[in-house]
1. Just checking, does the stretch A:460-470 include any residue being closer than 20 Å to A:Pro291 by Cα and part of a strand (DSSP E or B)?
2. Identify, please: which residue in the stretch A:253-265 is in contact with a helix residue (DSSP H, G or I) (Cβ under 7 Å, 6 or more places away or on another chain) and open to solvent by less than 20 Å² (accessible area, probe 1.4 Å) and is, among those, farthest from A:Lys341 (Cα to Cα)?
3. For the stretch A:383-401, state whether one or more residues are within 25 Å of the chain's Cα centre (by Cα), within 14 Å of chain B (Cβ to nearest Cβ) and closer than 20 Å to A:Ile163 by Cβ.
4. On the basis of being of a type outside the set (Lys, Arg), open to solvent by 10 Å² or more (accessible area, probe 1.4 Å) and more than 10 Å from every other protein chain (Cβ to nearest Cβ), does B:Met38 make the cut?
5. Can you tell me how many residues in the stretch A:388-421 are out of contact with any Lys or Arg (no Cβ under 9 Å at 6 or more places or on another chain), open to solvent by 40 Å² or more (accessible area, probe 1.4 Å) and either part of a helix (DSSP H, G or I) or farther than 26 Å from A:Phe34 by Cβ (or both)?
6. Could you tell me how many of the residues in the stretch A:221-245 are within 25 Å of B:Arg275 (Cβ to Cβ) and either open to solvent by 10 Å² or more (accessible area, probe 1.4 Å) or charged (D, E, K, R) (or both)?
7. Would it be correct to say that B:Ser31 is away from chain A (no Cβ under 14 Å), of a type in the set (Ser, Thr, Tyr) and open to solvent by 20 Å² or more (accessible area, probe 1.4 Å)?
Amino acid sequence: MRYNILFGGQAGQGPNILGEILGEALVKQGYYVFYSRDYQSLIRGGHNFNVLTFSDSPIHSNDSKIDVLVALDENTKKIHSTKMKKEGIILDGKHENMYFAGRLFKLLCLDFETLNQELRELKKKYEENLKNAKLGYEEETKNICHVKNQKNKIYFLNGSKEISQGAIESGLDVYYAYPMTPATPVLRELAEKQIEKNYLVLEPENEIAVINSAIGSAITGAKVMIGTSGGGFDLMTEGLSMAGIAGVPLVVYLAQRPGPASGVPTYTAQGDLNIARHAGHGEFPRMVLAPGDPIECRELTNQAFYFSQKYKIPCIVLNDKHLAESFYSLKEIPKIIKSQKTISLGKFNSYESTSEGISTEDSKRIEKNNIERLKKVWDIEKEAEKFIQYKNFGKKNSKNLIVSWGSTKGAILDAIQGLDTEFLQILYMEPFPKEILKFLKNKNIILIENNATAQLGQLITEKTGIFIEDKNKILRFDGRPFLADELNLEVKKRLN
Amino acid sequence: MNISTNVKSTWCPGCPNFMILAGVKKALENSGKKQNEMVIVSGIGCHAKIFDYLNLPGLNSLHGRVPPVCFGLKMGNPNLSVLGFSGDGDAYAEGLEHTIHSARYNSNWIYIVHNNQVFSLTTGQPTPTTEIGYKDKTTPLGVKTFPLNPIKLMLASGASFVARVFADIQQVENVIKEALKHKGFCFIEILQPCLIFHPETLKYKNKIYDLQKSGHKKQDFQAAMKKVEEFDYNEIKSDTKIPVGIFYQVQKPIFEEQFPQLQKLGPLGWKGIKR
């Protein structure tokens, strides 16, 4: 079974909260839920929609076809009714959002107490919500799906929350950020818990101040993370270069959205792999880690703290809007490792410097410093081999091999169900696991990315010498994530 | 305590930066603070060489970014005494926004701006405090824009300690001593003539007078705003008088004292927190 429910309305009508309530309730019943948000860069009005897909077996993405459409306004009906399944149901009319919650819970045969419980947890406007929910529950006559307890223990997880959790578990001391979608949810999440978990969250005057303040804190020995998105990251690049030469540990959370420039602020893309790998002038060691689900968000943030402290380098966790703001239901328990605080206050320098931190122009010293930085790159490459740098899914040893990274993982896992293909997900973009060459050789390679220029494809060619044929690149660059059913068709066309 | 290093200085012979260095050393060595409690940050330009001449920890940082680094040091360990050194290029051009916001934040650190009204290490281009008509190889038509008055800007931005001195050992030592006693953000501008590219400002030496000796009340904001008008950085006339000393000093809420997380930290700051 796999049901798709779309909630749409104007910003301010509350389609978000509807999906979150239903998602929470379904996960408690042991169902797997995937819940994503599509919203515009405005505060009131416009058209926002959320899609909740649920199933009794693991799922990681939405489909394009709709079973139930909850239309909080007429516009929603107009836009989405063309995607309805034959037997699909539309819930509409002029009602408060919780009225639709009542109807939905009835439709799915969830008892009213389940909904009441969620409303209680919301706290806000309980009495009013209860009244509307009751009315909806009473008025709904159909039921389409008998939801019964599946006895699974599933966690309802969000990419941003798990990035934050990973940072807290790694011993975060100070988090600096300037607000920018889609990195802001981590700022919000971390800000909320700062007193309880005893760390500091600050919003300096701009991204340049963010990274330079972070470096100031980091050289006192604090564990520091900063967060931003495309344009903000551009502003940080000189600071990144300073962290590189001065040997300052820094975790950088980079949440991608479509560029160039202001691009499309509230939508998704994987267009910043190249800049994450190359930002900052000069040559210096860094790492770039790309999670593909919330558990990996937590684990890779944790590993970023470990490596940045051990090797005194900047380490970038590369996320995107789709993973940052969607909710997943997963069963895995993350593996968390401890990291030391390695910095003691001394003389740090943005110039080439002697071992005492004194600025130098001595040719031997410049060469020596470069070799030390190169050595870090080699040491990191070696140690990274002990970590999970890539993952294999699907049919082992198939002649077809899908390669991808980041948030496309979810739609790919769902799209390849039953297909004759293996799927290789790469998590370590820098250092790049060159050993994947053994999987790529003599395979029909299909590349899937949320960008226009196949940046992972370029990276694979650079590191392994293998070219991926243009006809085998499935690229989406309209700001939207892949949908499982559509992607399934695209993959099928390219299988050998 | 001796905070000198054995690094050979590369400032030009006779550069007023030597006076500043000597004043800073005297103030810090006699401050009663331990060497590992004091941290220095510098920007980019002639002033920044001071980083190599002081045996103190810190960061020789990027152009214009001294304030956020100093702020970050205080957030990392509020118990450190932080001194940031900048030039006029750093503080008033490349990193002007940080200068303004530092005044607004009022974190407890000292910002020392070596203002020679010219980019010297890049061989003499005009900065935001260079006078109208100044010419160099890159500005053959001459500077057309009126210079910024940084003291006025700092008063308007809410700085709790605003001072200006000439690059004289005693003046520098005294003002840093006062700044070390002050709780909150201290802005100190040092008029530092560049002998090579801007030597006419050597005249300042005979134009300055001491605000405190002249009866200026440093807690009076309106009086301070009047005093800043006496010198506009643009023209030195025969009757020009340049007030030096503390223009304004007042106690305001300190940034780091408003965060309970920072209040709990020991002498090592966050470094001392084991999780």
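1. No, that holds for no residue.
2. Of everything passing the filter in the stretch A:253-265, A:Gln256 is farthest from A:Lys341 (Cα to Cα).
3. The answer is no, given that none of the residues of the stretch A:383-401 is within 25 Å of the chain's Cα centre (by Cα), within 14 Å of chain B (Cβ to nearest Cβ) and closer than 20 Å to A:Ile163 by Cβ.
4. Here the answer is no, as B:Met38 does not meet what is asked.
5. Final tally of qualifying residues: 1.
6. Counting residues in the stretch A:221-245 that are within 25 Å of B:Arg275 (Cβ to Cβ) and either open to solvent by 10 Å² or more (accessible area, probe 1.4 Å) or charged (D, E, K, R) (or both) gives 1.
7. When the stated conditions are applied, B:Ser31 passes them.
Yes or no, residue by residue, for (1) assigned to a loop (DSSP other than H, G, I, E, B); (2) over 21 Å from the mean Cα position of the chain (by Cα):
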position: B:Gln219; (1), (2): yes, no
position: B:Tyr233; (1), (2): yes, no
position: B:Lys237; (1), (2): yes, yes
position: B:Pro243; (1), (2): no, no
position: B:Glu257; (1), (2): no, yes
position: B:Pro267; (1), (2): yes, yes
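The values are calculated or read from the model by the stated rules, or taken from the named source; none is laboratory data. Quantities reported herein were computed from a predicted structural model and do not represent experimental measurements. Glycine also receives a Cβ, built like all others from the backbone with ideal geometry; neighbour counts cover every protein chain displayed. Ligands, DNA and RNA are stripped out before the accessible areas are found, and what is left, the full protein with its side chains, is counted by its heavy atoms. Shrake-Rupley method; radii C 1.70, N 1.55, O 1.52, S 1.80 Å.
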